[in-house]
Amino acid sequence: MDIKRVKDYIYWLYYQYLLITCSYVLEPWEQSMFHTITVTVFAMVVYTAYVFVPIHVRLAFEFFSQILGGQPESTV
């Protein structure tokens, strides 16, 4: 891919983001606050998914394996 095409595509994605969130009508300081809050919330969601989803998947797997007749763990 051409660097100019990648750059234009990123600008297009950013423009679509501005249109979808209607943040293009905000003043520059309001836009920076909005983007900061949006990035913070997104980062918290990604972190939470990274930390807690694997634990829940493991627990669900153990639960369903016991229900479906899996072998119980050794109680030595």
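Scan segment 26-45 for residues that are surrounded by 10 or more Cβ atoms within 10 Å (Cβ to Cβ) and charged (D, E, K, R) and report the count. Residues flagged as surrounded by 10 or more Cβ atoms within 10 Å (Cβ to Cβ) and charged (D, E, K, R) within segment 26-45 amount to 1. Just the residues that are among the β-branched types (Val, Ile, Thr) and open to solvent by 100 Å² or more (accessible area, probe 1.4 Å), please, taken from segment 11-25. The answer is ILE20, VAL25. Residue under question is GLN66, and the condition is that it be at pLDDT below 90 and part of a helix (DSSP H, G or I); does it hold? Criteria met by GLN66.
The values are calculated or read from the model by the stated rules, or taken from the named source; none is laboratory data. Keep in mind that what you see is a predicted model, and the values were worked out from it rather than measured. Here the Cβ is made from the backbone with ideal geometry for all residues, glycine too, and neighbour counts use every protein chain on show. Accessible surface is based on the protein model in full, side chains and every heavy atom, while ligands, DNA and RNA are left aside. Shrake-Rupley method; radii C 1.70, N 1.55, O 1.52, S 1.80 Å.
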